[in-house]
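Student: Please find one structure pasted underneath; my questions will follow.
Read-outs: derived from the displayed coordinates by stated rules, not from any lab. Predicted model, so just to flag it, every value in this text is computed and none were measured. When we count neighbours, we look across all protein chains shown, and the Cβ atoms used for this are built from the backbone with ideal geometry, even at glycine.
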Amino acid sequence: MAGVTHKALKYYEAIGLITPNRSTNGYRTYGEHEIELVRQVKELTAVGLSVKGTKPFIECLRQGHVHGDDCPESLAAYHGEIRRLDALVEELNSRREMLRARLHAAAARGFTSKDGQRAPVAPLRYGLPENLPAPADDGSADHLGGLRLPNVSLRSTDGRDVNLRAVGDERWVLFVYPTTGVPGEDMPMGWDQIPGARGCTAEACGFRDSFGDLLHAGLEEVYGLSVQEPRYQRELALRLRLPYPLLSDPSLALRKALRLPIFEADGRRFYKRLTLIVHGQRIEHVFFPIFPPNEHAREVLDWLQEHPAIPVAS
């Protein structure tokens, strides 16, 4: 009558979803109420909930409600499942974009124009939505050009404490971004509507896919930096297969030393997106504001090719 197997009924009983009556000879007797509960379980599992995840809905029906989702606990279960699916979608999108990037790079290497030059390659969006609001230049980074980097050490995803003043005497790049999404956790409310907030994963992927070209253009190192803790950044670096380290600055130490611009969302502070080209411990060039973030790595590459490095006087 309910369309489930004998084995399934025993499992539902074992985990407390149904409690059939027992006759004197040990047989289970199912009434119309138990049949309705089983139907509810079947309906909910059909839309993705686990069998155990249907418990709040079954309890709601047992309390006398007409529908299994008439209770706050049931609505919370909906929200939890949606968050799980959102994280899964994000993970699948990330894998798809990595495959697209590899296909994109392979195709670009394989085809040239008639004059022997490599055909221009359009930048990947890396899953960015259309119509994101662009940030404005508010002048908050105007003072950075020419400053010497502070004697600040930050934890890196490769397990080192990196002193920014000791990275090297050649050119290197530090791209600063607000925060990347963490699987299973919600982004701050209205994140996509904050100019310049969305696109950190896309930017990181852009630097990953342009990494070889950036080194060939004269960079010694590439680093990313955000306020996130190292454990979150290590997960991101592993998931995206980043060939460069990420630096963690949860205490905003670099902001205090260089007066880097920040913004607030959901009561938390985040760095505004900017990139520093560093040469000889001094900031040679600043990219700010940055938009769109998925094209920024190529923007950096173009600048490097147009401005060959001049050796720093000893």
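Student: By how many degrees, between 0 and 90 and to the nearest 10, does the Cα long axis of helix 296-306 differ from the longest principal axis of the chain?
Tutor: With rounding to tens, the tilt is 10 degrees.
Student: If you line up the long axis of helix 72-110 against the longest principal axis of the chain, both from Cα atoms, how many degrees apart are they, to the nearest 10?
Tutor: The helix 72-110 is inclined about 40 degrees to the chain.
Student: Can you tell me the orientation of helix 200-209 relative to the chain, as the angle in degrees between its alpha-carbon axis and the longest Cα principal axis, to the nearest 10?
Tutor: 60
Student: Counting Lys and Arg as +1 and Asp and Glu as -1, what is the net charge of the other residues whose Cβ lies under 13 Å from the Cβ of Gly139?
Tutor: Residues close to Gly139 contribute a combined charge of -1.
Student: If you don't mind, there's one more thing I want to ask. To the nearest 0.05, what FRET efficiency results for Ser23 and Asp86 with a Förster distance of 51 Å applied to their C-beta separation?
Tutor: Once the sixth-power term is evaluated, E becomes 0.60.
Student: If each DSSP helix of 4+ residues adds -39,500 (n - 2.57) and the sum is divided by the residues in the chain, what number results at 222 nm, nearest 500 deg cm²/dmol?
Tutor: -11500 deg cm²/dmol
Student: Only Cα pairs under 8 Å and at least 6 apart count here; give the relative contact order of the chain as a rounded whole percent.
Tutor: Rounded, it is 18 percent for the chain.
Student: So what's the net charge close to Cys71: Lys and Arg +1, Asp and Glu -1, counting the other residues with Cβ under 11 Å from its Cβ?
Tutor: Counting the neighbours of Cys71, the net charge comes to -3.
Student: Which of rounded, prolate, oblate describes the chain, given a ≥ b ≥ c as roots of the alpha-carbon gyration tensor eigenvalues and a/c under 1.5 marking rounded, otherwise prolate only if a/b is larger than b/c?
Tutor: Prolate, since a/c reaches 1.5 and a/b exceeds b/c.
Student: Here's another thing I want to ask about it. Taking the inverse of the average 1/r across all pairs of different Cα atoms in region 129-306, what Kirkwood radius in Å do you get?
Tutor: 16.3
Student: Which lysines, if any, have their Cα less than 25 Å from the Cα of Lys256, not counting same-chain residues under 8 positions apart?
Tutor: Within reach: Lys272.
Student: Can you give me the Cα centroid spacing of region 236-314 and region 1-43 in angstrom?
Tutor: Value for the Cα centre distance between the two parts: 60 Å.
Student: So what's the net charge close to Pro308: Lys and Arg +1, Asp and Glu -1, counting the other residues with Cβ under 14 Å from its Cβ?
Tutor: Once all neighbours under 14 Å are counted, the net charge is -3.
Student: Now a separate question. Looking only at Cβ-Cβ distances, which cysteines of the chain have no other cysteine closer than 4.7 Å?
Tutor: Cys200, Cys205
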